[in-house]
Amino acid sequence: MYRIMIIEDDKGIAQAISKQTSMWNIESVCVNDFRNIMGELAECKPHLVLLDISLPFYNGYYWCEEIRKVSKVPIIFLSSASDNMNIVMAMNMGGDDFIAKPFDMGVLIAKIQAVLRRTYDFTASVSIIEHKGLILNTENNTLTYKGENIDLTKNEYRIIHVLMTNRDKVVSREKLMEKLWESDSFVDENTLTVNVNRLRKKLDAIGAKNMIATKHGIGYILQSESNKQE
């Protein structure tokens, strides 16, 4: 079953789309927190995004740009601002289609199905993990924080992947070393410490401070930046 994410602040429109798509065996998730769209995107892992332009806090162009930093998921814009300038801007920002409001629900469903067919003959849905603004794309092994990209070594990627998969849980040093051994790298206690410290410095450099906390004698935990390391 395909899953779409509806980023639309008009609850009536969002619910109508959700009801209609369910009749075509398409699951839908409506955004609730318009300040945390990227977090909800990571949680939803949609195959397609329906994106309004006029939204609370930040407009659809902003969110399209943020999504494109971490994902190639298809985006269909929905807007009553259907002049040529807005259509061109939507496409230039990374949109895949544009539907003007008010729209016919049958046309919307047809366009959704066409984009899904066109896209998923070749690719899969977005695979990202999000934690406190930190976004890990597991398809291309990239890490971003507030729009800033972080270059990771193979070992650093494996460490952050394990920590983000187990966010807010303590991960033992033994588990991390087992993961690093899978890459055919020689890893001892000292090597792990060096890699974690290097990863911390990279996170600190772009403002994601104190994300990785040490639990002495146990391992590490990925926590919010507001919490200090032990």
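The values are calculated or read from the model by the stated rules, or taken from the named source; none is laboratory data. Bear in mind that the values here come from a model prediction, so they are computed numbers and not experimental data. A quick note on method: Cβ atoms are made from the backbone with ideal geometry, for glycine too, and the neighbour counts reach across all protein chains shown.
Within segment 55-80, how many residues turn out to be out of contact with any helix residue (DSSP H, G or I) (no Cβ under 9 Å at 6 or more places or on another chain) and over 19 Å from Gly133 (Cβ atoms)? The qualifying residues number 2. The set of residues from segment 192-211 being of a type in the set (Val, Ile, Thr) and touching a residue at least 12 places away in the same chain (Cβ under 8 Å) comprises Val196, Ile206.
Looking at Leu134, is it touching a strand residue (DSSP E or B) at 6+ places or on another chain (Cβ under 6 Å) and outside the structural domain of Ala208 (by TED's automatic domain parsing)? No. Counting the residues of segment 45-59 that are under 23 Å from Ser127 (Cβ atoms) and buried (at least 18 other Cβ atoms within 10 Å of the Cβ) gives 6.
Kindly check whether there is at least one residue in segment 51-65 that is in contact with a Ser or Thr (Cβ under 7 Å, 6 or more places away or on another chain), farther than 20 Å from Asn137 by Cβ and hydrophobic (A, V, I, L, M, F, W, C). Yes, segment 51-65 contains a residue that is in contact with a Ser or Thr (Cβ under 7 Å, 6 or more places away or on another chain), farther than 20 Å from Asn137 by Cβ and hydrophobic (A, V, I, L, M, F, W, C). Among helices (runs of 4 or more DSSP H) entirely within segment 69-184, having at least 1 residues that are in contact with a Pro (Cβ under 9 Å, 6 or more places away or on another chain) and modelled with pLDDT of 85 or more singles out 105-120. Residues in segment 123-177 that are polar (S, T, N, Q) and more than 20 Å from Lys69 (Cα to Cα): Asn155, Thr165, Asn166, Ser172. Residues that are part of a strand (DSSP E or B) and not β-branched (Val, Ile, Thr) were ranked within segment 17-49; the one that is farthest from Ile7 (Cα to Cα) is Glu27.
Listed conditions (1) assigned by TED's automatic domain parsing to the domain that holds Val196; (2) within 11 Å of the chain's Cα centre (by Cα) are all met by Asn149, apart from (2).
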